[in-house]
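The values are calculated or read from the model by the stated rules, or taken from the named source; none is laboratory data. These numbers were taken from a predicted model, which means no experiment stands behind them. Here the Cβ positions follow ideal geometry from the backbone for every residue, glycine too, while neighbour counts run over all protein chains shown. Accessible surface areas use protein heavy atoms only, side chains included; no ligands, DNA or RNA. Shrake-Rupley method; radii C 1.70, N 1.55, O 1.52, S 1.80 Å.
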Amino acid sequence: MDSDESSVDDEDRFKAYLQRVKDNNPHLKIFQGFMMGLSSSLTNEGWEQIGKDVSNNTHLENINLNTGVLNKHLVSFFRGLTSSNTIKNVNLSNNVGIRAEGVRSMVPFLQNSKKCLRELDFSYNCISSEGFNVLFRALRDSPIEKLNCNRCGIESIEIDSNYIPQNLKSLTLIANNINADGCRELAKLLQGDDATLRSLELCSNKVDDDGVEILVDALQNNKSLKELRLSGNDGISNQGQILLLKLLNDISSIKATLLSNHTLECLSLEILDEDEEIKTHIYMATEINSEHESNPDATGRKKVICTQMCSVKRTELAALQEIDHSVYSEIDPLHLPEVLSLVDQHHGLGELYVALK
């Protein structure tokens, strides 16, 4: 088969595929971008019509237009696709031609797709801070649960507390240029009893100790975030790591331990070999959180028993957190027999002897 025959076959396959979309074929669930590559004659008007056909389709659940398919046609496509009652996932990653203008063209679709839209992937596009801020505001009334904007050139973030998506569970912002100011805005997603975010990924940004301090402050009373990824942020020093450790297990007092964050189950950091002790204690705290998920009282007790009442671990943590008093100095003498019984039960006679010194 020569190239002319092959191109004819591709054109026929392309037209047949679009006809299935237009005919509302109940077996067609995914609108695949690679099929668009079968036609070399698709104009902006053609893309707009395809958008209208997708909008009218009541069976499509996924749009997959990644890897350059929409570089020059996003505005036209979303001029036609202004709403949907069935589409759940939209993947627009790796269209380097998509910029803030393209995001604006999507606003009607994002605002009018209030029933089903769950996941949106904009990774490896040049939407910049402007595009991200437009996108986030447009998603306010959306049921969106997962938003990926990796390598999108985002530097500054503006989050209006009145425009936070009410169902957002996962936000991935890897390899942007987000600094402490950005962390201050993202902290708004972690505050309040109605916080929904379960996963926040900020690897390879410009987060430093100031940014960590802002996030730690927001997470003191947070009950939603399970996963925080900060690897690849070279500005986070030993001091920032200790702030995160203290968030998870503050041993300044038994009460402080009981009031530590018992929700975070995964915390990734770029920790050097000389700071391995910090990594060990962070891992231990997140493991305890995971083990006693949904039972903060049990989590707090386990941390007290495993760290406050274990001389070796408490000595290590006290040195890291600059604590210079004995845990037993704050215990009411009337409760000491019960406390010492716990020490013996969980750590043995050797630890009991240390406690009695």
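The figures follow:
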| quantity | calculated |
| --- | --- |
| Alpha carbon centroid spacing (whole Å) that separates region 127-175 from region 46-120 | 16 Å |
| Rounded percent of accessible protein surface that carbon and sulfur make up, the chain, 1.4 Å probe | 46 percent |
| Using θ = phi - 60° and Karplus 6.51 cos²θ - 1.76 cosθ + 1.60, couplings along region 66-80 (whole Hz; Gly, Pro as x) | 9, 6, x, 4, 10, 3, 10, 10, 4, 4, 5, 4, 7, 5, x |
| Cα-projected label distance for Ser231 with His346, points at 7 Å along beta-carbon direction, nm | 3.1 nm |
| Interchain or long-range residues, amide H under 5 Å from Ser260's placed H | Asp250 |
| Added length on full extension, which subtracts the Cα-Cα distance from 0.36 nm per residue, Glu274 to Glu213 | 19.8 nm |
| Of Phe132, Phe31, Phe122, the one that fluctuates the most in a GNM where the chain has Cα springs shorter than 10 Å | Phe31 |
| Under 26 Å from Lys72, Cα to Cα: lysines that are on another chain or at least 8 residues apart | Lys15, Lys22, Lys29, Lys52, Lys88, Lys146 |
| Estimated FRET transfer efficiency (Leu28, Arg140; beta-carbon r; R0 35 Å; 0.05) | 0.70 |
| Estimated FRET transfer efficiency (Arg118, Gln19; beta-carbon r; R0 30 Å; 0.05) | 0.60 |
| Magnitude of the charge dipole, the chain, Cβ model with Lys/Arg +1 and Asp/Glu -1, debye to 20 | 1280 debye |
| Extension reserve of the His59-Ser326 stretch, reckoned as 0.36 nm per residue once the Cα distance is removed | 89.6 nm |
| Accessible area expressed per residue, the chain, with surrounding protein chains retained (probe 1.4 Å, Å²) | 48 Å² |
| Paramagnetic label zone (point 7 Å from Cα along Cα-to-C-beta, Glu158; backbone N under 16 Å) in region 90-117 | 100-101, 104 |
| Mean Cβ count within 10 Å, highest first, over the residues of peptides 292-300, 56-64 | 56-64, 292-300 |
| Sum of -39500 (n - 2.57) over DSSP H runs of 4+, divided by residues of the chain (222 nm, nearest 500) | -13500 deg cm²/dmol |
| Cut-off under 5 Å, modelled amide H: who pairs with Phe31 long-range | Glu61, Asn62, Ile63, Asn64 |
| Full-extension gain in nm, Asn167 to Ser294, via 0.36 nm per residue minus C-alpha separation | 43.8 nm |
| Candidates Lys303, Lys279, Lys22, ranked by Gaussian network fluctuation over the chain, Cα under 10 Å, top entry | Lys22 |
